[in-house]
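Participant: The structure follows.
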Amino acid sequence: MPVKNILIIDDSPTERFALSELLIRSGYQVITAESGDDGVEKARKQQPNLILMDVVMPGMNGYQATRTLTRDETTRHIPVIVCTSKGQETDRIWGLRQGAIDYIVKPIDADELLSKIAAL
């Protein structure tokens, strides 16, 4: 199934806006969430085709939210790409171990992100 609806989970209004603008200009529909908890709830209700997940957030962090979503029967089919400033190799490995299909370090390269989405 082609990706049409993308959920962005990021506590930074600037990051949510920048990613939303990029994706909308590229023809995607975008849903946003300000926290891991809010993102999990929106993913369950709205069933997006893809989730872009920040890691460093108050409350439920992105690793916890990714693990919750990829182990939940209602959301496990939704691919998660972690988009974070945490650039250590151990961070990337941990993100993938939580169930993410990919890991991108901020600042996000627009062409890289769009090609990864298109490959889905």
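The values are calculated or read from the model by the stated rules, or taken from the named source; none is laboratory data. Quick caveat: nothing in here was measured; it's all calculated off a predicted structure. Positions of Cβ are backbone-derived with ideal geometry, glycine not excepted, and every protein chain shown enters the neighbour counts.
Participant: Across the stretch 1-44, what is the number of residues that are farther than 20 Å from Gly59 by Cα and of a type outside the set (Val, Ile, Thr)?
Facilitator: Number of matching residues: 16.
Participant: Next question, about the same structure. Val3 fails exactly one of the following numbered conditions: (1) surrounded by 21 or more Cβ atoms within 10 Å (Cβ to Cβ); (2) at pLDDT below 95. What is the number of that condition?
Facilitator: Here Val3 meets the rest and fails (1).
Participant: State all residues of the stretch 14-32 that are in contact with a strand residue (DSSP E or B) (Cβ under 7 Å, 6 or more places away or on another chain) and in a helix (DSSP H, G or I); if no residue qualifies, say none.
Facilitator: Arg16, Leu19, Ser20, Leu23, Ile24
Participant: To continue, here is another question. Answer yes if at least one residue in the stretch 6-13 is at pLDDT 95 or above and in a helix (DSSP H, G or I), and no otherwise. Talk me through it step by step, then tell me what you get.
Facilitator: Looking only at the stretch 6-13, we keep the residues that are at pLDDT 95 or above, and these are 6-13.
Those left that are additionally in a helix (DSSP H, G or I): 13.
Yes - at least one qualifying residue is present in the stretch 6-13.
Participant: Among the helices (runs of 4 or more DSSP H) lying completely within the stretch 33-113, list those that include at least 2 residues that are crowded, with 17+ Cβ neighbours inside 10 Å and hydroxyl-bearing (Ser, Thr, Tyr).
Facilitator: Values: elements: 36-46, 62-71, 89-97.
Output list reads 62-71.
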